[in-house]
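Asks: Take a look at this one; I'll ask things after.
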Amino acid sequence: MGLRKFGPNDIVLNTMRTNPQVEYLIYDGKVYYNNSPYHSGAFLSNVLDVTGGAVSLYEYNIDRPTTDGTDPITGELKSVGPVVDYGKITPWIFKGSARSSFKTTAVFNAGETFTNEFAYGDVLTGSYPMGGRIDRELMWLPGERNVEVDLRPAGFSSTGDQTGAELWLEAGGVPCVNCPTYETTPVYPHFYALKNRFNYYGYMSDYYRVSSSYGAGWDKATQPLNLVTIPAIMYGSTIKKGSISLKWYYTGSLVAELRDSNHNGELIETIGEYSGTVGGVVMYDEGILALTGAWEIPGTDTHWVDLSGSTPVSDYPKWIYFAAGAYDGVNVASVGESFSYNAYTISFQGQTDVQVYTLFANAHRGKVNYSTNPTFIEYGQSLTATTSGKVYAENAARRIKNTVSSSFVGHSASFKKQVFISRVGIYDESKNLIGIATLADPVLKEEDQDYTFKIKLDI
């Protein structure tokens with residue numbers, strides 16, 4: 001059957017926007033995604049292993065047994081290629097001259113790098129399962145966001161302020177040429193990586209800015225900050241504005257909620273005496289919740305909270321402690337029994353834009369009336385009329401099989417050209433087949449009929 005070109009109105013490109021609903025429940029150091037419980041398997045108490053409460057990226061090593069890697073008979077390590085067989089799928093790659101590597105390279109000693117610590121020929125391995133999950137980081141060192149690093153080389157001293165670079169003298173009083181200085185290193189690198197982004201979103205709301213004199217004023221570099229990060233696999237291209245709800249439950253009762261009700265990134269208290277107060281901001285495209293609300297949540301009592309990651313202290317529930325237990329090591333065992341009084345939910349809608357091609361394949365009357373199916377030609381006819389060393393001619397008098405049904409038994413109806421269309425092939429400009437649309441049932445097309453087949457393709 002001949003090829004036919006799509007017309008200017010036969011191809012339509014649309015964008016389909018979806019907004020899937022996502023909800024997390026955080027309680028006692030565990031995270032539940034869309035109310036899915038932890039599923040026990042034959043070999044693991046949780047089939048997703050380390051990705052409980054998350055989305056498994058590749059569905060590898062789900063409920064697989066593990067071994068110590070030794071052969072039960074010889075006692076020697078079993079290997080599959082250059083990798084020890086511990087019973088799980090393990091991604092691996094050689095370090096070669098092409099310098100191919102994983103996007104992130106796991107190291108076993110502090111300071112190891114792909115460039116310096118791995119020799120050519122070394123095997124780099126990864127691990128599965130891999131999961132997309134939320135994370136929480138409480139930044140609690142007001143006024144101590146930086147630490148100074150002494151870059152003075154041995155044998156040098158300063159003649160002035162040691163935090164400056166007025167004059168550095170070598171032993172014997174000879175001034176140095178390239179005077180070293182003190183540098184500062186962020187205690188919380190994630191916050192410093194986001195400083196420019198916070199200020200960028202200041203056009204939406206002043207509450208984004210790192211420092212501001214708006215209202216009572218603030219400086220995010222010196223105040224407690226609670227960062228909750230959501231991976232893009234959970235929401236798509238962005239989080240839908242106006243869909244975020246953060247709820248705090250105390251002994252089973254809802255006592256506080258933050259919502260982005262103004263659709264501008266401000267997370268506003270909606271319940272109680274602090275209603276209308278901004279408790280943080282959200283970065284919709286990056287999937288980051290930055291909570292700064294430090295007021296005591298009414299209806300709660302003091303309990304042990306983990307502020308610094310070391311010794312728990314007693315404090316009232318506040319928004320800077322929201323989502324405690326989300327993969328941060330905080331739970332009842334590490335904090336105290338009263339920690340179990342608290343539960344948190346994070347709900348929002350994601351946004352994913354899918355490009356959809358709609359193709360209209362037209363089978364016009366008088367066309368698309370021949371089939372490449374061998375049964376289209378009446379059986380028993382010669383393919384060629386004549387053939388020799390110089391001439392090859394097909395039989396021009398071959399008859400098409402008459403498939404027109406008759407109302408009478410044993411009687412053939414008059415011949416009428418017709419075909420059964422069962423699939424539509426789509427070709428690119430170089431006539432390469434790039435797709436096939438198959439019909440559920442073949443469609444009968446007679447010569448005086450027009451048909452249009454509507455094909456949709458997600459890209």
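Asks: So how do 401, 241 line up by other beta-carbon neighbours within 10 Å, fewest first?
Replies: By the 10 Å Cβ count, ascending, the order reads 401, 241.
Asks: Nearest 0.05, what FRET efficiency do residue 57 and residue 398 give at R0 = 60 Å with Cβ-Cβ as r? Can you show the working numbers first?
Replies: Details: r = 57 Å, r/R0 = 0.96.
The pair residue 57/residue 398 has a calculated efficiency of 0.55.
Asks: I'd like the Karplus ³J(HN,Hα) series for region 376-386: coefficients 6.51, -1.76, 1.60, θ = phi - 60°, whole numbers in Hz, and an x wherever there's a Gly or Pro.
Replies: So the Karplus estimates, Gly and Pro as x, are 5, 8, 4, 5, x, 8, 6, 6, 10, 8, 7 Hz.
Asks: Would you work out the charge dipole size for region 331-459 about its Cα centre, treating the Cβ of every Lys and Arg as +1 and the Cβ of every Asp and Glu as -1, and quote it to the nearest 20 debye?
Replies: Once rounded to the nearest 20, the dipole reads 820 debye.
Asks: For the residues 246, 457, what sequence is obtained by ranking on other C-beta atoms within 10 Å, fewest first?
Replies: Listing 246, 457 from fewest to most nearby Cβ atoms yields 457, 246.
Asks: Let me ask something else. Go through 216-225, 424-433 and give me the packing order, highest mean Cβ count within 10 Å leading.
Replies: Working: 216-225: 15.5, 424-433: 10.2.
Result, highest mean Cβ count within 10 Å first: 216-225, 424-433.
Asks: Report the charge-dipole magnitude of region 392-459 in Debye, nearest 20, computed about the Cα centre from +1 at each Lys and Arg Cβ and -1 at each Asp and Glu Cβ.
Replies: My answer is approximately 280 debye.
Asks: Hey, fewest Cβ within 10 Å first, where do 237, 340, 213 land in order? Could you put the intermediate results ahead of the total?
Replies: Working: 237 12, 340 16, 213 9.
Listed from fewest to most nearby Cβ atoms, that is 213, 237, 340.
Asks: I've got another one for you. Looking at this model, which pairs from 367/431; 390/417; 195/318; 401/456 are more than 28 angstrom apart at the alpha-carbon?
Replies: 390/417; 401/456
Asks: While we're here: Rank-order 29-38, 437-446, 62-71 by packing density, defined as the average count of other C-beta atoms within 10 Å over each peptide's residues, highest first.
Replies: 29-38, 62-71, 437-446
Asks: Of all alpha-carbon pairs in region 317-366, indicate the percentage at a distance above 16 angstrom.
Replies: Percentage above 16 Å: 64.
Asks: Using a Förster distance of 56 angstrom, determine the FRET efficiency expected from the C-beta separation of residue 412 and residue 17, and round it to 0.05. Please list the in-between numbers first.
Replies: Details: r = 56 Å, r/R0 = 1.00.
The calculated FRET efficiency here is 0.50.
Asks: Remind me, what semi-axes does region 377-459 give for its equivalent ellipsoid, largest first in whole Å, using sqrt of 5 times each Cα gyration tensor eigenvalue?
Replies: 31, 26, 10
Every number here is computed from the coordinates shown, using simple stated rules; none is lab data. Quantities reported herein were computed from a predicted structural model and do not represent experimental measurements. Cβ atoms come from the backbone with ideal geometry, glycine included; neighbour counts cover every protein chain shown.
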